[in-house]
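Everything on this sheet refers to the single structure shown next.
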Amino acid sequence: MDIFVIKGGRPLSGACRVSGAKNAVLPAMAAAILADGPVEIAGVPHLRDIGTFEKLLGILGADVSRSEAGDGRETVRIVNGEGRKAEAPYDLVKTMRASVLVLGPLLARYGRARISLPGGCAIGARPIDQHLRGLEHMGAKTSLSEGYIEAVADRLRGAPVYFDMKTVTGTENLMMAAVLADGVTVLSNAAHEPEVCDLARLLRAMGADIEGEGTDEIVIHGVRSLHGARHEIMTDRIEAATLLLAGAITGGDVTALGADASAMGAVLEKLQESGAEVSAVPGGVRVRREGRIRSVNVKTAPYPGFPTDVQAQFMAYMCLGDGFSIVSETIFENRFMHVAELRRMGGRIDVSGNTAAVKGVEGLSGAPLMATDLRASASLVLAGLAASGTTEVLRIYHLDRGYESLEKKLSSLGADIARVKE
């Protein structure tokens, strides 16, 4: 297995391009199931989760290919095959929760779906009851049998659907199910995330009738069929935040090229509160920091609130603050697994329920660390960049699920980080 070896204490500086957003690519790939023609998704990064999703679409009968543009970025082309299989097997779904996104498209296009209950990071239960209840409102019959979700419907019917809680994948799944339904579907208390809006743009390019994305209410008028389309995927706001925090935690000057400041308001605001200088520059976002980090409080919330996917990275940053900060996690119930590792580096963190109290220290010390999930991995890398001495981060396969060549990007900014065999 690969590990990262990091020699910390170097301020990072320079500019680095942000990859396409994994959390936008996966629903876009699922949406290709709905199309009668080829769907091309440009700007797709090389990530484990995307490779897994490509395999899943292949099992479902699609022809999936990649091509490289002159700028080094890749385009994924998906063409539905004849006699599509409508079952997503456990062997693939267990590794990636986003596999459940094929449920809505398969049901809408083929009237049936059999999907293994999803797996993924161990950061909480993340139930899919909102997905199933919404599909039932639209006329589907669903059941759970031997670890599989089974759903059938001759043709889905438009219906009002109210989400009891904000759910990004639930909103995306029902959007995709509704585009081919008979009649009008209204999704209330829908997720506002930019990735939801990115999916709506693709579906509209395919011929769907959607309005209201980015608000509490999304209205979809069903159509009989969708055609192929080409779509430029949005950049990854979580990767952008991680790169900017790498600059801030090391007292450096980093520009995330391609980052969209309008999609990162909560993170950039907290960086400014912490004493960093944040500015939107042509083609990206720049962060500079001098002097001691100011401790600030953070509470995760659905978009446009502070993203749960940046909580671990920001906690690592707060470990070097000038006082106390309170980090509250409201989205997932088991997302403080990085705390024990940060403590091993000298971080002073006390956890009570969904709240962590962080008392800033003058410095962190390198140590051997064990990654436990995707974003926890990133937090340990950031801590290692700022720490004195050498840090080893084990089990970085978690990180490879969501970050494309992170060590190369950080090296280009001046970090001493290497991927080596354990």
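The values are calculated or read from the model by the stated rules, or taken from the named source; none is laboratory data. All figures in this text were calculated on a predicted structure; none of them were measured in a lab. Here the Cβ is made from the backbone with ideal geometry for all residues, glycine too, and neighbour counts use every protein chain on show.
Among the residues of region 368-412, write down those that are among the basic types (Lys, Arg) and either under 16 Å from ALA241 (Cβ atoms) or within 15 Å of the chain's Cα centre (by Cα) (or both).
Passing the criteria: ARG375, ARG401, LYS409.
Out of curiosity, is GLY346 farther than 22 Å from ASN23 by Cα and in a helix (DSSP H, G or I)?
For GLY346, the condition - farther than 22 Å from ASN23 by Cα and in a helix (DSSP H, G or I) - is not met.
When you go through ALA191, ALA205 one by one, which is the residue that is crowded, with 22+ Cβ neighbours inside 10 Å and of a type in the set (Gly, Ala, Ser)?
ALA191
Restricting attention to region 323-345, report how many residues are farther than 30 Å from ASP49 by Cβ and either in contact (Cβ under 8 Å) with a residue 40 or more places away in the chain or among the aromatic types (Phe, Trp, Tyr) (or both).
1
Can you list the helices (runs of 4 or more DSSP H) found entirely within region 62-167 that contain at least 1 residues being at pLDDT below 80?
Those helices (runs of 4 or more DSSP H) span 90-93.
Output the residues belonging to region 384-413 that are part of a helix (DSSP H, G or I) and closer than 15 Å to GLY252 by Cβ.
GLY384, LEU385, ALA386, LYS409, LEU410, SER411, SER412
Regarding ALA246, is this residue in the same structural domain as SER377 (by TED's automatic domain parsing), part of a strand (DSSP E or B) and at pLDDT 95 or above?
Considered against the rule, which asks whether it is in the same structural domain as SER377 (by TED's automatic domain parsing), part of a strand (DSSP E or B) and at pLDDT 95 or above, ALA246 comes out as no.
So VAL361 ticks every box in (1) within 19 Å of ALA246 (Cα to Cα); (2) touching a helix residue (DSSP H, G or I) at 6+ places or on another chain (Cβ under 8 Å); (3) part of a loop (DSSP other than H, G, I, E, B) but one. Which box is left unticked?
That leaves (2) as the condition not met.
Considering every residue within region 296-317, establish whether at least one is more than 22 Å from the chain's Cα centre (by Cα) and in contact (Cβ under 8 Å) with a residue 40 or more places away in the chain.
Taking every residue of region 296-317 in turn, none turns out to be more than 22 Å from the chain's Cα centre (by Cα) and in contact (Cβ under 8 Å) with a residue 40 or more places away in the chain.
Is there any pair with a first residue in region 363-376 that is of a type in the set (A, V, I, L, M, F, W, C) and a second that is part of a strand (DSSP E or B) and surrounded by fewer than 22 Cβ atoms within 10 Å (Cβ to Cβ) whose Cβ atoms are under 8 Å apart and which are 6 or more apart or on different chains, and what are they?
Within 8 Å, the pairs are LEU364/SER388; ALA367/GLU392; LEU369/GLU392; LEU369/LEU394; MET370/LEU394; ALA371/LEU394.
Which residue, of LEU174, LEU156, is touching a Ser or Thr at 6+ places or on another chain (Cβ under 8 Å), under 26 Å from VAL79 (Cα atoms) and surrounded by 22 or more Cβ atoms within 10 Å (Cβ to Cβ)?
LEU174
May I ask you to list the residues in region 176-195 that are touching a Pro at 6+ places or on another chain (Cβ under 8 Å) and either within 20 Å of PRO307 (Cβ to Cβ) or at pLDDT below 95 (or both)?
ALA191, HIS192, GLU193, GLU195 - these are the residues of region 176-195 that are touching a Pro at 6+ places or on another chain (Cβ under 8 Å) and either within 20 Å of PRO307 (Cβ to Cβ) or at pLDDT below 95 (or both).
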